[in-house]
Structure formats: structure tokens, C-alpha cells
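Everything on this sheet refers to the single structure shown next.
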Amino acid sequence: MKLSTQLWIIGGLSSLWIATTFVYVLCLMPESVDANAALKMFIESMGALGVLCTILFSTFSSIEASHTRRDQTKATEAALKQAKLERSVDYCRRWNDESLGLARDLVRKHYRNSNDPLSQQEFAKQLNGSPEVNRSFIYVLSFFGEISEAIDMGIIFEDIVQRSFDNTFTRIFELALPWMETEVPLLRRDLDKLYQRWRIR
């Protein structure tokens, strides 16, 4: 409620209170009541009006503060949701990062050649045969490790990244599992949670 509206309400009630008091004192009060008693009643009535106005103003202020907190909460929730969406989309963009390119190409080559796909052993051999591909593949695994942590922290929308990566990630995990168990066991353990999570969905 706007301040001007609050003042109109309080002003209107005050005017009504004062007018009613005047009418009672001047017209309705018994003639046996002397002027001093009438004046005392009027003063007491004005004191009661002051208390009423204070209560009304305090109530309006409390309502206004409640509305302000609610609006601030909504604004904060909207900002957090927007940041969460931006981080989710950013992960989708980062998949095209150049540092992941060699590993992406190797995985795509494996699944593109459906008649003669690479075995897990051959895939591991190609990873170990090229330091550049090896490094790129570790970047890929670390990338999915970041996604797993972001999901656990609740700072990205899982459904967005899952729609983009669940099939790609599960294939990579299954293809590279023997290599990961030997070369990056700790990272494999961290990624296993994401694999189990997405595989059953």
C-alpha cells in the first residue's frame, strides 16, 4: 500500500473520529455534565485517536515491510534462477571448446564407424599413443566431473545438461572404463556417480 493511501486512510479516520467527538460533546452529552468534564472527555478522545493512528501506521508499515521482503525474495529467486540457467547453457557451449576437440573427434570416429568400432583396448591404445589426445581426453573427463559437482551443488539445471550430454557421456564412460581404472582411478570414481545417475533415467 502506498504511503499516500495510508495517509488518506489515517486522515479520514481521524477526521471522522474528531467530528464524532464534537457531535457527542456539543449535541449528545447530557446537560448535567459541566464544561470541564466535557473538555476532559474531548482531550481523552484525542489521546485515544493518537493511539489508534499509531497502531494503524504501525500496521501499515508492517504490511509494507512484508510486501517489500516478498518482492526482494522473488527478485533474488529470479536472479538465482537466471544465473543457474546461464551456467547450464555455458556448459553446453564449452563442449565445443578447442581443448576438447581431439578427444571428441576420437570418440566420434569410434561411434561413426559402426561396422568396425574401436574396442576398449584399442581406444586405450590410441589415448596412450598421443600425449595431445590423452590430454584432451582428460579435459573431457574433467569437464564432466565439473558438471557432476555442479549438479550436486544445485547451481545448474540438470535436465538441460543431461539432454545435451547424457548419451555422449555414458558412451564415453563405457568406452574408456578400463583405461580410466588404470590411468585416472580417482576421476573414474567421481564420474561413476554421474554415470549411474544418468544411466537409470
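The values are calculated or read from the model by the stated rules, or taken from the named source; none is laboratory data. As the structure is a computational prediction, the values presented were derived from the model and not from experiment. Cβ: placed from backbone, ideal geometry, glycine included. Neighbour counts: every protein chain shown.
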**Prompt:** Can you tell which of 80, 85, 100 is exposed (fewer than 14 other Cβ atoms within 10 Å of the Cβ), free of Cβ contacts under 8 Å to residues at least 60 places away in the same chain, under 25 Å from residue 160 (Cβ atoms) and among the hydrophobic types (A, V, I, L, M, F, W, C)?
**Reply:** 80
**Message:** Considering only the range 155-172, I want to know if a residue exists there that is without any contact (Cβ under 8 Å) to a residue 24 or more places away in the chain and more than 28 Å from residue 80 (Cβ to Cβ).
**Reply:** yes
**Residue that is surrounded by 15 or more Cβ atoms within 10 Å (Cβ to Cβ), under 17 Å from residue 169 (Cβ atoms) and modelled with pLDDT under 90, where the choices are 137, 144, 60, 123** = 123
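Could you grab me the full set of residues in the range 132-157 that are under 25 Å from the mean Cα position of the chain (by Cα) and not in a loop (DSSP other than H, G, I, E, B)?
Result: 143, 144, 145, 146, 147, 148, 149, 150, 151, 152, 153.
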**Asked** Looking at the range 93-111, is at least one residue in contact with a Ser or Thr (Cβ under 6 Å, 6 or more places away or on another chain), modelled with pLDDT of 90 or more and farther than 20 Å from residue 187 by Cα?
**Response** no
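Against the definition (in contact with a helix residue (DSSP H, G or I) (Cβ under 9 Å, 6 or more places away or on another chain), over 30 Å from residue 81 (Cα atoms) and of a type outside the set (Phe, Trp, Tyr)), how does residue 181 come out, yes or no?
Against the criterion (in contact with a helix residue (DSSP H, G or I) (Cβ under 9 Å, 6 or more places away or on another chain), over 30 Å from residue 81 (Cα atoms) and of a type outside the set (Phe, Trp, Tyr)), residue 181 qualifies.
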**Complete:** Within the range 182-191, the residues that are over 26 Å from the mean Cα position of the chain (by Cα), in a helix (DSSP H, G or I) and surrounded by 15 or more Cβ atoms within 10 Å (Cβ to Cβ) are 183, 187, 188
